[in-house]
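Some notes on the structure that comes next.
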Amino acid sequence: VCSSDLVNIDTVHPQGDPKLDALIESRLLKMTVNSPDDKLAPSLNAYREQFLRTADTRNSMYLQAKVREQHDGLVIVEVSSYLDTGVAHGEPGRGFINYSRILHKELTLADMLLPGQEQAFWNTAKVAHNSWLISTKMDRDPEFVKSWPFQKTPNVALTSGGVVLKYNVSTIAPYAQGLIEITLPYTRLTGVIKPELMPARR
């Protein structure tokens, strides 16, 4: 953990797995790139020094990695960023790392799905999004439904309670609604997700 008035970096260092440690640092560093002109720093410490040296005094950056949960040989890490540039709205970011301790690698969506099932996965997500619209009563507002249609998200997590899709602000709802999570039950993903990635039913 390193912090100052302008930069706060709060990260986990999973014991005995330097590969996951390096992956977390790499993902947090990618979240510091906010414009095409930004260059990727070689380490979080280097980024911190660079930010303190060059950032406007009104700017601040918060980076965090936390283990959301561990189950069935998987470690689910949630990474967060928040860039405050002194304007009314800061820029929050979110992402997930689905790390297999068995395979010693991060699982991409392609790794999670059975062959040829990507369209089926997103169709299931679209149904869940529709349920979210109904539960939040947003479906009663035709303007909202038209302005904020369903979208895919790169933020997918294999949690023990279901596959979580996390949406950054201003993707499927206005900024004021914050970060939105939609959960797809595993029961709806039979034949879509690889069976070995379904949590063991105890």
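The values are calculated or read from the model by the stated rules, or taken from the named source; none is laboratory data. As the structure is a computational prediction, the values presented were derived from the model and not from experiment. Every residue, glycine among them, receives a Cβ derived from its backbone with ideal geometry; neighbour counts consider all protein chains shown. All accessible areas refer to the heavy atoms of the entire protein, side chains included, with ligands and DNA or RNA removed. Shrake-Rupley method; radii C 1.70, N 1.55, O 1.52, S 1.80 Å.
Build a GNM of the chain with springs between Cα atoms under 10 Å: which of 138, 31, 112 gets the top mean-square fluctuation?
138
Relative contact order (percent) for the chain, with alpha-carbon contacts under 8 angstrom and 6 or more residues of separation? Don't skip to the answer; put the middle values down first.
Values: 295 pairs, mean separation 32.3, N = 202.
Value for the chain: 16 percent.
Rolling a 1.4 Å sphere over the protein heavy atoms, what is the accessible area per residue of the chain, to the nearest Å²?
Dividing the accessible area of the chain by its residue count gives 55 Å².
Please compute the Cα-Cα pair-distance distribution of the chain with 5 Å bins starting at 0, giving whole percents from short to long.
Going out from 0 Å in 5 Å bins, the chain shows 1, 7, 14, 17, 16, 16, 13, 9, 6, 2, 0 percent.
Please list, ordered by chain and number, the residues whose modelled amide H lies under 5 Å from the amide H of residue 151; skip anything fewer than 5 residues away on the same chain.
Close amide H contacts, sequence-distant or interchain: none at all.
Which order do the peptides 70-82, 45-57 come out in when sorted by mean C-beta neighbours inside 10 angstrom, highest first?
So the peptides 70-82, 45-57, ranked by packing, come out 70-82, 45-57.
Give, rounded to the nearest 20 debye, the magnitude of the charge dipole that the range 1-114 has about its Cα centre when Lys and Arg contribute +1 at Cβ and Asp and Glu contribute -1 at Cβ.
Charge dipole of the range 1-114: 120 debye, to the nearest 20.
Taking a ≥ b ≥ c as the square roots of the Cα gyration tensor eigenvalues, with a/c under 1.5 meaning rounded and otherwise prolate when a/b beats b/c, else oblate, which class fits the range 1-56?
It comes out oblate by the Cα gyration axes.
Compute the FRET efficiency between residue 52 and residue 30 as 1/(1 + (r/R0)^6), taking r as their Cβ-Cβ distance and R0 = 22 Å, and round to the nearest 0.05.
The calculated FRET efficiency here is 0.65.
Let me cross-check residue 143: its accessible surface, 1.4 Å probe, with only protein heavy atoms counted, in Å² to the nearest 10?
110
For every helix of n ≥ 4 consecutive DSSP H residues, a contribution of -39,500 (n - 2.57) applies; sum these over the chain, divide by its total residues, and give [θ] at 222 nm rounded to the nearest 500 deg cm²/dmol.
My calculation for the chain gives -7500 deg cm²/dmol from helical runs alone.
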